[in-house]
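Engineer: Dropping a structure here in structure tokens format, bear with me for questions.
The values are calculated or read from the model by the stated rules, or taken from the named source; none is laboratory data. Every value quoted in this text rests on a predicted model; they were computed, and no experiment measured them. A quick note on method: Cβ atoms are made from the backbone with ideal geometry, for glycine too, and the neighbour counts reach across all protein chains shown. Note: accessible area is taken over every heavy atom of the protein model, side chains too, but ligands, DNA and RNA are not part of it. Shrake-Rupley method; radii C 1.70, N 1.55, O 1.52, S 1.80 Å.
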Amino acid sequence: MRDRSCNQTNSCNEAYEDDLNYTLEMCRWMMRPLGIWTLIYRRVSKLEKALSILLQISNFSSLLFIILPTAYNMFFVEEDLKNIVKLLGPFSFCTSSTIKYFILGLKGNILGRCIQHLEKDWKMVKNPYHRAIMLKQVSICRFLIIVCVAFFYSGGMSYHTVMQFLSKSNTNSNITIRPVAYPCFKFLDIQSSPTYEIVFCLHCFSALVQYTITCAGYSMAAIFVTHICGQIQIQLSRLDDLMNDNEKKSTIYDRISIIVRDHAAVVRFSKEVDEALREVCLTQIMESTFNMCMLEYYCLTEWDNSDTVAILTYIMLLVSFTFIIFIFCYIGENLSEQCSRMGPASYEVPWYNLPPREACNLILVNAIAQYPPKLTAGKIMDLSISTFGTVVKTSVVYMNLLRTFAW
């Protein structure tokens, strides 16, 4: 969002650095441990770039430490179908997290351009009311990110710690077995010290990496979409004030041209956001559908075993996956809904009191609003509330199919 009274080289918002830091703070907290922030935000030191490479290597190695032995045990060691199914859920989540890790790294350039757009909008905002709108959207975004992080880390770490030590499957045996969340290669004697402690810590570290990847991808989507919604609300307020006689500094033509130009910029930014996040969204849709199916199956099996700790842990994870896919679909729905509001708002302006040439310019806004931008999953499906319903129903159908073959 820009105002014609602002010089392109000077900032209209003197507090834009604080505002931008407030907007990107939580996303930066998650991107930096993954080593991805330097691929997105280029203004970093050489030391940070070198450290990010080391973080990428360590994080990727921790993911392989789970994927390789789990895949080996699933395909070459385990013969019991129930044990294979029990490993399939954690294996799929780790694999999809690795895929999202690659995608976020490969999309560093376009994500960086999106952040530059955010920086420009914060720098050029002048009206205190418009700035308040943007700050309100940032507060909503931060709340959603906090809730997402709380769900995922609490449920995920409970699976790797509390459930492993208190679940009935690990306490009923006459032989003392030190539990681990994932299988390991047989050449490692994980029951002896300090091998067990090292493996246990590596599993927990890898789990933190997986949950951070998921929350990082979600945080980028939430930040960009809430920013777009804030920009649309600013354009709506400008349409409401279009006929305001108190605006002495600009003509009707200037005000309409700013609205049309900035609305077009918002639409272009929306398309760029979709291009940056469509693969992440597609991976998240597939991951959530599959893992919700597996977790529903795990809850039913543990219900038969009367394992309260395992049931509660799986329910927490199920709620986490359900919540994050719901929020992905919600922000996609909110994006389309907010952008489509520009059409009715442009018509409700008393355009009949405008000079004919100026009134015709509002047709552009109305025409663009008829085709609002959407957040898609790999250009295959739009993210909306109906998509969320489809994901939930699909997971239940697959769970019933899985019960038929593996119960």
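Engineer: It is to be established whether one or more residues within region 343-363 are touching a strand residue (DSSP E or B) at 6+ places or on another chain (Cβ under 7 Å) and open to solvent by less than 50 Å² (accessible area, probe 1.4 Å).
Structural biologist: Looking for residues that are touching a strand residue (DSSP E or B) at 6+ places or on another chain (Cβ under 7 Å) and open to solvent by less than 50 Å² (accessible area, probe 1.4 Å), one finds none in region 343-363, hence no.
Engineer: Which numbered condition trips up Ile213, out of (1) surrounded by fewer than 24 Cβ atoms within 10 Å (Cβ to Cβ); (2) under 18 Å from the mean Cα position of the chain (by Cα)?
Structural biologist: (1)
Engineer: Considering each of Val391, Val397 in turn, give the residue that is among the aliphatic types (A, V, I, L, M), open to solvent by 70 Å² or more (accessible area, probe 1.4 Å) and either in contact with a Phe, Trp or Tyr (Cβ under 8 Å, 6 or more places away or on another chain) or within 24 Å of Cys281 (Cα to Cα) (or both).
Structural biologist: It is Val397.
Engineer: Filter region 290-315 down to residues that are hydroxyl-bearing (Ser, Thr, Tyr) and over 27 Å from the mean Cα position of the chain (by Cα) and give me whichever is least open to solvent (accessible area, probe 1.4 Å).
Structural biologist: Step one: list which residues in region 290-315 are hydroxyl-bearing (Ser, Thr, Tyr), which gives 297-298, 301, 306, 308, 313-314.
Those left that are additionally over 27 Å from the mean Cα position of the chain (by Cα): 301, 306, 308.
On the way: Thr301: 29, Ser306: 67, Thr308: 91 Å².
Among those residues, the one meeting the criterion is Thr301.
Engineer: Is one or more of the residues making up region 140-152 at pLDDT below 90, of a type in the set (Gly, Ala, Ser) and open to solvent by 10 Å² or more (accessible area, probe 1.4 Å)?
Structural biologist: Looking through region 140-152, at least one residue is at pLDDT below 90, of a type in the set (Gly, Ala, Ser) and open to solvent by 10 Å² or more (accessible area, probe 1.4 Å).
Engineer: Would you mind stating whether Leu375 is open to solvent by less than 20 Å² (accessible area, probe 1.4 Å), touching a residue at least 60 places away in the same chain (Cβ under 8 Å) and within 17 Å of Ile259 (Cα to Cα)?
Structural biologist: No, not satisfied.
Engineer: Shifting gears a bit: Do any residues in region 68-87 that are closer than 13 Å to Tyr182 by Cα have Cβ atoms under 8 Å from those of residues that are among the polar types (S, T, N, Q) and surrounded by 11 or more Cβ atoms within 10 Å (Cβ to Cβ), where the two are at least six apart or on different chains, and which pairs are they?
Structural biologist: Pairs found: Leu87/Thr70; Leu87/Asn73.
Engineer: Note down all Cβ pairs under 7 Å where the first residue falls in region 166-189 and is crowded, with 17+ Cβ neighbours inside 10 Å, the second is at pLDDT 60 or above and in a loop (DSSP other than H, G, I, E, B), and they're at least six residues apart or on different chains.
Structural biologist: Matching pairs, first to second residue: Ser167/Asp307; Asn170/Ile177; Asn170/Pro179; Val180/Ile190; Cys184/Ile190.
Engineer: What helices (runs of 4 or more DSSP H) lie completely within region 33-127 and have 2 or more residues being open to solvent by 60 Å² or more (accessible area, probe 1.4 Å) and modelled with pLDDT under 85?
Structural biologist: 81-106
Engineer: Could we say that Ser158 is farther than 23 Å from Cys293 by Cα, of a type in the set (Ser, Thr, Tyr) and either open to solvent by less than 40 Å² (accessible area, probe 1.4 Å) or free of Cβ contacts under 8 Å to residues at least 60 places away in the same chain (or both) here?
Structural biologist: So Ser158 fails the test.
Engineer: Does Ala367 satisfy being open to solvent by 10 Å² or more (accessible area, probe 1.4 Å), in a helix (DSSP H, G or I) and in contact with a Leu (Cβ under 6 Å, 6 or more places away or on another chain)?
Structural biologist: no
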